[in-house]
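Since every read-out is calculated from the coordinates, none of them should be taken as a lab result. On a predicted model such as this, the values are computed, not experimentally measured, just so you know. Virtual Cβ from ideal backbone geometry, glycine too; neighbours counted across all protein chains shown.
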Amino acid sequence: MNRRAMLLSAPAMLAACASEPHTGGGGELRGKAAIAEYWKRYYRAPQAPFSWRPDRVAVLDSGTLAYSSGPVAAPDGKVFARFYSTWRRDASGAWRIVFDDGCNLGCA
């Protein structure tokens with residue numbers, strides 16, 4: 001899944017989610033409907049209010065589960081948080097987000 005497409009399109013972001021995703025963003029959100037409702041605020045403006053990129057990725061030897069994390073930055077480039085995502089490869093070979101969360105810099 002293209003990170004830029006995920007930022008610009010709620011349907012693209014949801015397409016990257018597993019069938020039963022879980023996120024810590026906005027509290028404990030379970031399922032695509034709850035995640036879509038929370039995240040739609042980020043797709044109202046023409047420019048996303050943040051961007052992210054992985055700087056750490058690890059994949060199990062089986063190639064079925066992966067972890068990624070990296071900085072989250074404001075439009076001015078200032079990093080204010082880190083994201084943490086767990087990915088599962090589905091039967092079609094596509095990677096889907098299973099767990100997604102983040103933490104402001106300095107959090108425990």
Normalised radius of gyration for segment 40-108, please: alpha carbon Rg relative to 2.2 N^0.38 Å, two decimal places. 1.28
Take ARG30 and SER51, extend 7 Å from each Cα along the Cα→Cβ direction, and tell me the distance between the two endpoints in nm. 3.6
